[in-house]
Amino acid sequence: METEIELKFFVSPEFADILREKISDARILQHSCRDLGNTYFDTPDNWLRNHDIGLRIRRYDDVYIQTVKTAGRVVAGLHQRPEYNAEHSGDDPDLTLHPDNIWPEGKTVAALQDELVPLFVTDFNRETWLVAMQDGSQIEIAFDSGVVSAGGLSEDICEVELELKSGQVDALFTLARHISEHGGMRLGNRSKAARGYRLAYQQPIDTVSTLQPVTVRSQDTVETCFIKSLEHALSHWQRHEQIYVEQDNNEALNKIRSSVCFIRQILTVFSSIVPRRASAILRQELKWLEDELRWLRDDDYLNNLLDDKGYALRKLDTRKRLVNELKELKSALPTRADTLALIDSSRYTALLLDLSRWILTRGWQPFLDEQAQENIDCPVTDFAMKQLDRSWAELIEAFPPEHKVTKQGYIEQQEHLTRNLYTGMCFCHLFTDEECQSFRLPWEDLLDGIDDLLMLQPIEGLVDKLEDSEQHAQLLRWITRQEHSILHAMDQSRFSGFDAKPYWRD
């Protein structure tokens, strides 16, 4: 049994020449180029897939290799999976070539063997270079170009894989940073097999989903919770990056921005133990990316106003003109081409690589003193309660229940409220789910209300463009009514939020 550790990247066919140039000065131990054919097998009811197992037979020249991959871990584009390889003599699988104990309970090996059918194939040309790194590590670089096909459907394959053959994981990221320094590489968390399964079962493209609380348990340490939180946010980010690339869907981009914001808040929540200097460069780059995506809020507000030909403005005499002005504002926002260029940029890829490396190598550990190490090894519940108490005190200060909060007062607390809600997402699962959701609901409603107020700002900016005094006055009255209605609902949500008992206090 071996554990495969590799980074996967999606690239364009033209990247092959860039890759060869980038490694021209490297110490190459081996170089080869061959055509690979791979057939993947499963039962009609997806039994292997449901147990997170992959079975394939790879053929090249007159050689057949049967491989079983079992459940592993994916962080950004880094894939870690145990795999079992055995020489074979043909295209029909033989499960007895592998140890009996790798197969899940529920079927005998013989019964499983009888049910296997070929699901899909991947055929591609692979050019490989075995590179010797300065620290003695050896890394295989592979450029794959071909196709994955199933049932008459197919997708192109064009990938770069960096596999650690021996040595340190850190060397893998060092080489990846070097190769990607001019852009054109996108970290891939979807394997060829995953793409093949989707074709074989004609599964729909993934849909946008809401960021959920982290799955943390009371027996987890503070450090385990920290790692789970970061990996959870990073997984959400990568999933929606793939959705955006496959679809022109700005909602997916919004989920990327949410993930970035969540990661920044995770670093803040745990900063009493993990010093800020341990993540200084990461925080700087995360802020850069969040700022690059800040326009998405304006895009959301404009889309809501323009939805159904400006239905929200239907009672205004100037509706048609306002719609045209709003379309003009929207046209000035970044395009899909701009965003894809950002995702393909070297800075974006470097951020993902550095964040993944930091998580996998626990890059904060050298910055911990003896007391911090003791604290990070403690069970997480007490730490969680302290953080939630602190967050609650901040909410009371930001939205004092005994004071009136103005429109501007609410707007100024948008990011503060967002961060407080993200703090809760790190620890929700330590407590009763129903009480947690009931407590969060009014504050989430309040955040929606702030968005509703901000959605009026593009309209407010157009008031002075109306020369007709009657239309000018009508629009001002409409804005005032909208604001009063939104603020009334927000005040009710705020009072409800303070009426609820903090769920972490028993």
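The values are calculated or read from the model by the stated rules, or taken from the named source; none is laboratory data. The shown structure was predicted, so the numbers you read here are calculated from the model rather than taken from an experiment. Because the Cβ atoms are built from the backbone with ideal geometry, glycine has one as well, and the counts that use them run over all protein chains shown. Note: areas computed on protein heavy atoms with side chains; ligands, DNA, RNA excluded. Shrake-Rupley method; radii C 1.70, N 1.55, O 1.52, S 1.80 Å.
Some points to look at:
- Degrees between helix 433-455 axis and first principal axis of the chain (Cα, 0 to 90, nearest 10): 60
- On Cα atoms only, tilt of 169-179 relative to the major axis of the chain in degrees: 80
- Of the listed residues Asp144, Asp307, the order by accessible area with a 1.4 Å probe, largest first, is Asp307, Asp144.
- 25 °C / 0.890 mPa s Stokes-Einstein diffusion coefficient of the range 2-201, Kirkwood radius on C-alpha pairs, µm²/s: 138
- Computed from Cα atoms, the angle from the helix 222-246 axis to the main principal axis of the chain rounds to 90 degrees.
- Reachable lysines, given that their alpha-carbon falls under 27 Å from the alpha-carbon of Lys327 and they are not under 8 places away in the same chain: Lys255, Lys309, Lys315, Lys407, Lys465
- Dimensions (Å) - the range 15-111, Cα atoms, principal axes, largest first: 52, 35, 23
- Pairs of lysines in the range 2-201 whose Cα atoms sit within less than 27 Å of one another amount to 11, provided the residues are eight or more positions apart or on different chains.
- Accessible surface for Ile243 stands near 0 Å², nearest 10, in the context of the full protein assembly shown (1.4 Å probe).
- Rg/Rh for the range 410-461, where both radii come from Cα atoms and Rh is the Kirkwood radius: 1.11
- Look at the Cα gyration tensor of the range 222-499: its axes a ≥ b ≥ c give a/c of at least 1.5 with a/b at or below b/c, and that counts as oblate.
- Listed peptides 60-71, 200-211, 37-48 by packing density, highest first (mean Cβ within 10 Å): 37-48, 60-71, 200-211
- Here the Debye sum runs over all C-alpha atoms of the chain as equal scatterers in vacuum, and log10 of I(q)/I(0) at q = 0.11 Å⁻¹ comes out as -1.09.
- Using R0 = 25 Å, the C-beta based FRET efficiency linking Asn304 and Lys465 works out to 0.75.
- Span from the the range 252-271 Cα centroid across to the the range 1-71 one, whole angstrom: 32
- Sorting Asp491, Asp317, Asp448 by accessible area puts them as Asp317, Asp448, Asp491; the probe is 1.4 Å, largest comes first, and only protein heavy atoms count.
- Net lengthening on full extension, Ile396/Gln457 (0.36 nm per residue, minus Cα-Cα): 19.3 nm
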